[in-house]
Amino acid sequence: MHNETPPPEKAPPPPAGFELLPGTSQPEPPVGTLIDKYGRRITYVRLSITDRCDFRCTYCMAEEMTFLPRHEVMSLEECLRVATVFVGLGVNKLRITGGEPLVRKDALWLIERLGALPGLDNLVMTTNGSQLERFAEPLRQAGVKRLNVSLDTLRPERFRAITRIGDIDKVFRGIEAAGTAGFTRTKLNTVMMRGTNDDEFIDLVQFALDRQLDISFIEEMPLGEIYGRERIYISSDEAREILGQRFELIPSTESSGGPARYWTIPGSSSRIGFISPHSHNFCDTCNRVRITAKGELYPCLGQNDASQLLPTLRAHNDDEALRQSIIDSMGIKPYGHDFTRQMTAPQVVRFMSMTGG
């Protein structure tokens with residue numbers, strides 16, 4: 001079942017060269033591929049395995065969150081079915097997200113099986129780092145290729161204020177454990193917030209350089225009703241100006257398969273990335289969809305349209321109906337979002353923790 005709502009009035013039109021595929025609904029794609037109505041091939045899925053987290057980051061969720069009842073959350077077996085069907089349709093990159101994925105009981109059972117899926121070239125995870133000291137080695141053994149660790153500050157008191165309950169020392173130990181386990185190109189994700197952490201951008205980059213980490217600075221996305229968000233927004237261009245006071249940033253053509261655009265610094269292997277959904281829209285190359293912990297397939301992070309996969313999962317023992325639902329969902333993937341208009345009046349009222357990183 002689709003929950004379809006009209007797209008934003010100011011959503012950007014497709015540029016020249018992006019023509020709708022014939023027909024009013026998404027046709028059957030070539031075998032082994034998922035293609036949306038603008039001809040973009042979907043090769044990347046972000047799969048949330050829980051809406052729960054051991055932090056309460058101010059930009060991600062409300063202080064007093066109401067989490068999903070257990071029966072509304074996909075079982076690990078259902079998560080595996082969804083991932084398997086996507087890989088069969090040509091998806092070769094899967095990111096495990098949450099909430100915090102490592103607070104899900106028996107998460108490693110799922111990750112081990114995902115790591116063994118033929119055709120899945122790139123199994124990665126986004127985590128807040130709190131559980132990595134314990135799980136880094138098992139994740140590496142299970143086949144996880146790379147980790148993204150959310151880190152918005154290096155200061156313990158500020159970290160506590162942003163996360164409301166987090167312990168930054170656990171994260172530091174987790175990052176160290178990831179390196180010991182053999183993870184390379186671990187990436188820090190930093191949400192940029194004016195008046196909160198903009199005075200640490202240079203320090204965060206230096207922290208990454210010293211440890212041979214990558215780092216991406218992320219423009220805050222208007223998801224959920226969070227008061228005052230428009231006052232703390234910082235663009236990627238402004239962040240690069242700040243970093244340019246200390247570092248020489250050289251544009252790079254490297255890609256990690258996601259939305260980040262990277263710069264390098266002479267003498268370092270670290271990549272400095274910027275994810276810019278407001279100032280430098282990357283919708284024309286979007287190759288990804290998101291699955292929430294309750295089995296909602298969101299073709300676009302910045303829209304409310306979704307396909308409900310959980311009823312199909314639970315109504316059919318075979319995966320043909322699930323496969324068809326996924327193919328059909330490509331018909332509601334829009335060309336793009338309109339985050340600029342949503343800063344003051346969010347159209348997307350779900351919190352980031354509900355969608356999955």
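Summary of values
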| item | result |
| --- | --- |
| Sites L68 and E248, calculated FRET efficiency, Cβ-Cβ separation with R0 45 Å, nearest 0.05 | 0.45 |
| In nm, spacing of pseudo-spin labels at T285 and H316 (7 Å Cα→C-beta vector) | 3.4 |
| Proximal aspartates and glutamates relative to K105, as straight alpha-carbon distance under 15 Å, when same-chain residues fewer than 8 apart are discounted | D51, D54, E77, E78 |
| Linear extension gain, Q212 paired with R164, 0.36 nm per residue minus alpha-carbon span | 14.4 nm |
| Fewest-first ranking of D305, D169, using other Cβ atoms within 10 Å as the exposure measure | D169, D305 |
| Mean Cβ neighbour count within 10 Å, used as a protection proxy, ranking 266-277, 112-123, 41-52 highest first | 41-52, 266-277, 112-123 |
| For L89, distant residues with modelled amide H under 5 Å away | none |
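Only the coordinates and a few stated rules stand behind these numbers; no lab work does. Note that the structure is a prediction, hence the values are computed from the model and not measured. Note that each Cβ is placed from the backbone with ideal geometry, even for glycine, and that neighbours are counted across all protein chains shown.
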